Amino acid sequence: MDTERATNTQLLKGVLDLAVLTVLDRGPTYGYDVVRQLREAGLEGVGDASVYGTLRRLFTAGALSSRVEPSDEGPNRKYYELTSRGEDLREANSKAWATFSSSMDGLLAAGGRP
Amino acid sequence: MSTKTETSSAVTAYLDAVRLYLSDLPQWDVEDLMADIEQHVLEVASEWDGPITSVLGDPITFVEEYRQSANVPPVSQVPTTPPLIDRLVRAIEKARRGQTWQSMLSFAREARPGWWALRGYMAASVLLLVVSSSSRTTMVNPFVFGPPGLLISAIGVVLSVHLGRRSQLRSWRRWVAIASNAAVVAGLLIAGQQLNDASYYQFYPEPVAEADAAYEAGFLDARSMVVEPIPEEVFGGVARAAELQEAIDVVQAYLESVRAQNIDG
């Protein structure tokens, strides 16, 4: 079980950018909600800190913009939103993933032995 | 179920630790991230009854994971000591490798027997001072005690040099030597201070006391004169002094001219 979890975490690292970009493509939201949406989508192995690291990196790259909004439940929330560069990046990553996953599926369908 | 106070103090501690592990990053960067994390930790704490670390991991693990995915160098590559102390330590390290330090070190090594002898002499002096409870200048001059003083000083020197030579053999003796050195120096300072205080009045008790009293009185007088307006007769005195100076100048000028004439003639 632990091995499966570790493998999930390893696989996630490569696609976390695309996962975060996709969640934000649904609409602007804040970090904690991104984590929640990823978990609900079944990506259990994603670490909270990794999501914030990814948000930070994407923000620095100009793929996201941020704004602070007051919250009824506590401190202000920082909302992230896709920029046009972010949308382009999501598009490109999505295509790359589609190609990659279909290649992977093909490989797995062919089986491990000749 | 934890109370609200416990939760908030746990949250504060967690956030403080996170901030510490980010402290090498630019201030705006840290604040930007802390805005995210503060909100996140509070949400986790409000939804979760157990310790925050069971959801988020240790603060350092959390920060390491963040830094890795944010493409920031890991904490382990960042000096954890404050920059000033770090620089100081490095400067000392550098100086220790330098020529000056090495020559100072070799000088200290060669001068060691001298220190051993001096240490023994001083230890004996301290001992004599304590035993005799005298405030005489035994520190400088153990001769005032006659042969016993000289003998004790000689024993002190021999013993100290002997200890010094043997202390090079084993490490625990080194610590004994360091401790005794420190004790001798401390004893010397204390004794020296007492000696200084005591001997001041010991040798000149009455005249010094009188002089002190007179000085004090004079000082107070002088101070009161400065504060109070200067009396008329002092002004008169000053005027008379000025007149006198003028007369002296006239006489001096006259003498000068006479001397000049003599030289010319």
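We did not get these values from a lab; they are worked out from the coordinates using the rules stated. All figures in this text were calculated on a predicted structure; none of them were measured in a lab. Methodologically, a virtual Cβ is constructed for each residue, glycine included, from the backbone with ideal geometry; neighbour enumeration extends over all protein chains shown.
Where does helix A:31-40 land angle-wise versus the long Cα axis of chain A, in degrees 0 to 90, nearest 10?
30 degrees
Rounded to the nearest 0.05, what FRET efficiency is calculated for residue B:28 and residue A:104 with R0 set to 41 Å and r the Cβ-Cβ distance? List each step's numbers first, then the result.
On the way: r = 41 Å, r/R0 = 1.00.
The value I calculate is 0.50.
Check residue A:77: other-chain or 5+ apart residues with amide H under 5 Å from its amide H, H built from backbone geometry?
Close amide H contacts, sequence-distant or interchain: A:69, A:71.
Compute the long axis of helix A:2-25 from its Cα atoms, compare it with the longest principal axis of the Cα atoms of chain A, and write down the angle in degrees, 0 to 90, nearest 10.
50 degrees
DSSP loop GluC sites (Glu not before Pro) in segment A:1-87 with at most 16 other Cβ atoms within 10 Å of their Cβ, which ones?
Details: sites: A:4, A:40, A:44, A:73, A:81, A:87; in loops: A:44, A:73.
Loop-located and lightly packed - A:44, A:73.
Would you mind giving the three semi-axes, in whole Å and largest first, of the ellipsoid equivalent to segment B:9-130 according to its Cα gyration tensor?
Working: eigenvalues 581, 90, 24 Å².
Calculated on Cα positions only, the semi-axes equal 54, 21, 11 Å.
Enter the mean number of other protein chain beta carbons within 10 Å of the beta carbon of each residue in B:31-38, as an integer.
Working: counts 0, 4, 6, 0, 7, 11, 5, 4.
Going residue by residue through B:31-38 and averaging, the value is 5.
How long are the semi-axes of the equivalent ellipsoid of chain A, defined as square roots of 5 times the Cα gyration tensor eigenvalues? Whole Å, largest first. Intermediate results must be reported in sequence, preceding the final value.
On the way: eigenvalues 179, 62, 21 Å².
Computed over chain A, the values are 30, 18, 10 Å.
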